[in-house]
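Below is one structure, written out as structure tokens; the observations come after it.
The values are calculated or read from the model by the stated rules, or taken from the named source; none is laboratory data. Everything quoted here is computed from the prediction, not taken from an experiment. Cβ atoms come from the backbone with ideal geometry, glycine included; neighbour counts cover every protein chain shown.
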Amino acid sequence: MSETITISVDAMGGDNGPRIVLHGARLALRERGNIEFLFHGRREILEPLMEEFEELKAVSSIHHSDIVIGMDEKPSAALRKGRNTSSMWQSLQSVKDGKADVAISGGNTGALMAMATFCLRPIKGVSRPAIAAIWPTERADIIVLDVGATIGGDAKQLVDFAILGTALARALFDQELPSVGLLNIGTEDLKGIDSVREAAEILKERNGAGFSFHGFVEGNDIGKGTVDVVVTEGFVGNIALKTAEGTARQVGSYFRKALKADWVSRLGALISIRALSALKRKMDPRAINGGVFLGLNGIVIKSHGGTDEIGFNSALDLAYEMGRFRLIEKVNEGLKKFEPETALKDQTVDEKIPNGKKPNGKKAVTKSDKINKTEQSA
């Protein structure tokens, strides 16, 4: 992989159109410099927009596609309609063909996952892909997966997610042994459904094989940052994600109303403006926009469809980091360490004997402090 990271962009994906995509790309170029873009979409729309963002011309190319996948299309219908021809598929094909290091789209999540799975194919040894979210906590940013790629999951799938999540943690946070926790209704060994308890036994046995297994974690442990990687299946993970986003908006609304209640409150807000600005940046979901599709033979980033140029820039930043740190190589390294257990051949939970846990070093990493500089650039 060259020093310059090439990002293949579905320029037609998202609720707000290509203008947001190109504006975000310009912000990313100003911050990074060593980026090239392949924009996939309707040439008659993208070429006039490129005139507004002239900085992109020298590092960009436009690849025409008439077919655009709608945000409300079912994955199966989108796959039939857009396979090989849509801007979404072509952005993925560029990664498969080695023309780009990573693909990104703000389009239909289900369609993107279906197309990515068919185009790039799952990594050998991984049963299902997962979507990983970068989650701000009291301690540092952590990884939560799966947040919506799959509904339900057996023990093997949860173990796969743990391997994928720790590979992402090593790439993003430079941690040798990221700590892993299985999301459960309690921390006691007898709590939870069979698949979660079986996955825990497998992870206990392989503790130290590229990760440090913490055990079960509860919902409140996510915000605390108790572990570096929280593993769950997609139904629960997506509910947790949407609940956290809604809670952040609710708290923000309470703050705004309280600070405008009377003249004393307004005076207090003026005195505390620096602290309040820092809090606003910390709680701004645009700063951590972007989910990573893990478990595929290629790197795919999903941006929120309704984000603005600042949020899309954050997703591009994540794409850049994933390409630079060679995420696929780290995933394959993790799978090799865990190969006997990921196969789960002729093994039962009763045969597994837990080993002792190893300490885990944690490195405080956060992306939210970047957003102030980005807003100034915008």
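Over 24 Å from residue 139 (Cβ atoms), polar (S, T, N, Q), modelled with pLDDT of 90 or more and part of a helix (DSSP H, G or I) - does that describe any residue in the range 189-205?
Yes, that holds for at least one residue.
Mind checking whether some residue in the range 95-106 is among the hydroxyl-bearing types (Ser, Thr, Tyr), crowded, with 18+ Cβ neighbours inside 10 Å, touching a residue at least 40 places away in the same chain (Cβ under 8 Å) and part of a loop (DSSP other than H, G, I, E, B)?
No, the range 95-106 contains no residue that is among the hydroxyl-bearing types (Ser, Thr, Tyr), crowded, with 18+ Cβ neighbours inside 10 Å, touching a residue at least 40 places away in the same chain (Cβ under 8 Å) and part of a loop (DSSP other than H, G, I, E, B).
Condition check: among the small types (Gly, Ala, Ser), under 18 Å from the mean Cα position of the chain (by Cα) and either surrounded by fewer than 20 Cβ atoms within 10 Å (Cβ to Cβ) or not in a loop (DSSP other than H, G, I, E, B) (or both). Does residue 110 satisfy that?
Here the answer is yes, as residue 110 does meet what is asked.
Quick check on this structure: which one of 202, 193 is closer than 17 Å to residue 162 by Cβ and touching a residue at least 40 places away in the same chain (Cβ under 8 Å)?
Exactly one of 202, 193 is closer than 17 Å to residue 162 by Cβ and touching a residue at least 40 places away in the same chain (Cβ under 8 Å), namely 202.
Kindly indicate whether residue 355 is modelled with pLDDT under 90, part of a helix (DSSP H, G or I) and polar (S, T, N, Q).
Considered against the rule, which asks whether it is modelled with pLDDT under 90, part of a helix (DSSP H, G or I) and polar (S, T, N, Q), residue 355 comes out as no.
Conditions tested, residue by residue: (1) free of Cβ contacts under 8 Å to residues at least 40 places away in the same chain; (2) assigned to a helix (DSSP H, G or I).
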site	(1), (2)
226	no, no
236	no, yes
243	yes, yes
251	yes, yes
256	yes, yes
261	yes, no
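Which of the residues belonging to the range 206-224 are in a helix (DSSP H, G or I) and of a type in the set (A, V, I, L, M, F, W, C)?
222
In the range 280-304, how many residues are outside any strand (DSSP E or B) and either touching a Ser or Thr at 6+ places or on another chain (Cβ under 9 Å) or surrounded by 20 or more Cβ atoms within 10 Å (Cβ to Cβ) (or both)?
14
Pick from 123, 131, 151: which is under 15 Å from residue 236 (Cα atoms), of a type outside the set (Asp, Glu), surrounded by fewer than 24 Cβ atoms within 10 Å (Cβ to Cβ) and in contact with a helix residue (DSSP H, G or I) (Cβ under 9 Å, 6 or more places away or on another chain)?
Of 123, 131, 151, the one residue that is under 15 Å from residue 236 (Cα atoms), of a type outside the set (Asp, Glu), surrounded by fewer than 24 Cβ atoms within 10 Å (Cβ to Cβ) and in contact with a helix residue (DSSP H, G or I) (Cβ under 9 Å, 6 or more places away or on another chain) is 151.
Could you tell me which residue of the range 38-78 is farthest from residue 10 (Cα to Cα), considering only residues that are hydrophobic (A, V, I, L, M, F, W, C) and either part of a loop (DSSP other than H, G, I, E, B) or touching a residue at least 60 places away in the same chain (Cβ under 8 Å) (or both)?
Filtering the range 38-78 for residues that are hydrophobic (A, V, I, L, M, F, W, C) and either part of a loop (DSSP other than H, G, I, E, B) or touching a residue at least 60 places away in the same chain (Cβ under 8 Å) (or both), the one farthest from residue 10 (Cα to Cα) comes out as 53.
What about residue 131, is it within 29 Å of residue 85 (Cα to Cα), part of a loop (DSSP other than H, G, I, E, B) and not polar (S, T, N, Q)?
no
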